[in-house]
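Since the structure comes first, as structure tokens, the remarks are kept for the end.
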Amino acid sequence: MDMSSSPVLELRNIAKRFGEHSHDGLKNIDLSVQHGQTLAIAGSSGSGKTTLARIVMRLAEPDTGSIHLLGQDISRMGGEALRKIRPGFQMVFQDPLAAFNPRANVKRILEDPLRIHGLAAKNEYEQIALGALERVGLGADHLQRLPLELSGGQRQRVAIARAILTKPQLIVLDEPVSALDVSVRAQILNLLLDLQEETGVAYLFISHDLAVVRAFADRMIVMEQGRISEEGNTEAVLANPQANATRILIEAVPRLDIVMS
């Protein structure tokens, strides 16, 4: 089978219930992401975007449905089997500070995935870590710094460097630029686009900001109350929204553009 023509990620009939009310959670989510493609998941707060991202990453379990990564059903996979495929899908969070060990310097943060997954010999760790750091525009002088000694943009670059270290086929990006100012936001988005062009990595991009979605995503899904209310080519959806949830998101953005330079 030609893996390049099959989806990197495919979700089939994913559902997740919270509490006693049937309207809480996710309902019958189907989606796919192709190699080298960015699929945005947009929606207001509480629409189910982050829950969906956590299910993809196996940080939360669906009640029903299946998750297929590179054609392999990982829905019920656990233990050693899940650990072996974990390098193939990574996540970048909105707040990288919360995802880092605050006592670990950048060198340790970047070397840990190599050590955990046995991806290199110990004497290669530092050079590989430095190479990843340089790919995201930082240098050797950052290796000994702690997360709190970095700016927000630098921390997000380190988070991206850590994500690409394992050469993943898929990276889930959960609001990765929402905490950054506009100029740094554009730098990070351009960095992600450059990495995608170089490696062919697919992105599942979670965002409530349609200006960022328009600049960054090939396709988009709009979620409302745990359901997919609209999906399609990003420009087509934004030019002619069919769902009320999409129209509300568009109205919340004064200017539906972003500087990418």
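Each reported figure results from applying straightforward, stated rules to the coordinates on display, with no laboratory input. Keep in mind it's a predicted model, so treat the numbers as computed, not measured. For neighbour counting, all protein chains shown are included, and Cβ atoms are generated from backbone atoms with ideal geometry for every residue, glycine included.
Some values worked out for this structure:
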item	result
Charged-residue dipole, Cβ positions (Lys, Arg, Asp, Glu), the range 1-138 about Cα centre, Debye nearest 20	260
DSSP-defined beta bridges in the chain - what % are antiparallel, rounded to 5	50
The range 118-235, relative contact order in percent, only Cα pairs under 8 angstrom and at least six apart counted	19
Long-range tail of P(r) for the range 167-250 (Cα pairs > 20 Å, %)	36
Ranked S45, S6, criterion: other C-beta atoms within 10 Å, fewest first	S45, S6
Within the chain, longest stretch clear of exposed trypsin sites (Lys or Arg not before Pro) (DSSP loop, no more than 11 other Cβ within 10 Å)	104-254
Kirkwood-based Rg to Rh ratio, the range 3-251, C-alpha trace	0.97
Candidates G79, G153, G43: whichever shows maximal mean-square fluctuation once the chain is modelled as a Gaussian network with Cα springs under 10 Å	G79
Between the range 91-167 and the range 168-205, the alpha-carbon center distance in angstrom	16
Estimated [θ] at 222 nm from DSSP helical runs (n ≥ 4, -39500 (n - 2.57)) normalised by residues in the chain, nearest 500	-10500 deg cm²/dmol
Positive-end residue of Q156, G48, T166, charge dipole of the chain with Cβ unit charges	T166
The range 3-251: relative contact order as a whole-number percent, Cα under 8 Å and 6+ apart	28
Total lysine pairs under 21 Å (Cα atoms) in the chain, excluding pairs fewer than 8 apart on one chain	8
Cα-based convex hull, the range 183-229, per residue volume (Å³, whole number)	81
Ratio Rg/Rh [Cα only; Rh per Kirkwood] for the range 203-255	0.90
Bridge type composition, the range 93-239 - antiparallel percent by DSSP, nearest 5	55
Assigned charges on the beta-carbon of Lys, Arg, Asp, Glu; the chain dipole about Cα centre (debye)	660
